[in-house]
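The values are calculated or read from the model by the stated rules, or taken from the named source; none is laboratory data. Small disclaimer: the values here were computed from a predicted structure and weren't measured. Positions of Cβ are backbone-derived with ideal geometry, glycine not excepted, and every protein chain shown enters the neighbour counts.
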Amino acid sequence: MRFGVIIFLLRLAPCGAALALGACAHDPDTVVSAALGTTGQPAETVVYADAPTAEVAWGTATVHTAAYDGAGVADADGAYRLDTGDKLRVFVYGQPNLSRAYTVDHEGMISVPLINGVRARGRTTRDLEQVIAHRLGREFVRDPQVTVDILENRPFFIYGEVRNGGQYPFVSGMTVETAVAIAGGYTERASLRSYRITRRRDGFSSQIDVPGDFPMRPGDVVYINERFF
């Protein structure tokens, strides 16, 4: 009995260890959930479905599955919204002790001296400027002039049938095919027909089947499917 349990655990171990390296390519639900967990998204099981209306609740978030209809989804998302992993520069004019670089943490927050935690997740840089200025101006700095710039976008993730799956810095203007190239190219088993992106926006994570020239955004999780022979 003990020997059987040991064999079972040994069989599980390689997949668990390789997950961080983008392996376990035959289990997309697991790798996508793990990637979302690193970005502050609840690491629950992701459910794929054929119907565009299918969804699964994740506490305060919901995952929707839909097909790409050829529209400019990335362009339609509007102004860039901050989230976990974004690196920011906050400059407060005349206040060198308050002007520094910050990284949005797993809770979607940055910690600014004097006013402590400030929620960045879901806000634009302009929104964040106004919030910081308002809180500083209430009792610490007279008429504060605040500027927030993005130093580095949060990374993207790519898994499945690529040679070096994992987390990579986002490159402006990149597509799914660019992401594949960054990850070392396709494996011999990769499907070249369509790809799946999981994208978070406004508390929801949408799963979209897209072509290779689909424009990506920071924080996207790309999964390259295995082709069926």
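Within the range 130-157, the set of residues being surrounded by 14 or more Cβ atoms within 10 Å (Cβ to Cβ) and in contact (Cβ under 8 Å) with a residue 60 or more places away in the chain comprises Val148, Ile150, Glu152, Asn153, Arg154, Pro155, Phe156, Phe157.
Just so you know, in the range 89-107 the residues that are under 14 Å from Gly117 (Cβ atoms) and among the hydrophobic types (A, V, I, L, M, F, W, C) include one that is surrounded by the most Cβ atoms within 10 Å (Cβ to Cβ), and it is Val104.
Scanning the range 194-215 for residues that are in contact with a strand residue (DSSP E or B) (Cβ under 7 Å, 6 or more places away or on another chain) and either of a type in the set (Val, Ile, Thr) or outside any strand (DSSP E or B) (or both) gives Ser194, Ile197, Thr198, Gly203, Ile208, Val210, Gly212, Asp213, Phe214. Among the numbered conditions (1) in contact with a strand residue (DSSP E or B) (Cβ under 6 Å, 6 or more places away or on another chain); (2) not assigned by TED's automatic domain parsing to the domain that holds Met216, the only one that Asp143 does not meet is (1). Among the candidates Tyr159, Tyr102, Tyr80, the residue that is outside any helix (DSSP H, G or I), in contact with a helix residue (DSSP H, G or I) (Cβ under 9 Å, 6 or more places away or on another chain), more than 15 Å from Ile224 (Cα to Cα) and not hydrophobic (A, V, I, L, M, F, W, C) is uniquely Tyr80. Apart from one condition, Asp127 fits all of (1) touching a residue at least 24 places away in the same chain (Cβ under 8 Å); (2) under 20 Å from His106 (Cα atoms); (3) not in a strand (DSSP E or B); the exception is (1). Taking the range 182-229 as the range and being among the polar types (S, T, N, Q) and either closer than 17 Å to Phe170 by Cβ or exposed (fewer than 14 other Cβ atoms within 10 Å of the Cβ) (or both) as the test, only Thr198 passes. Taking the conditions (1) part of a loop (DSSP other than H, G, I, E, B); (2) free of Cβ contacts under 8 Å to residues at least 60 places away in the same chain in turn, Pro218 satisfies each one other than (2).
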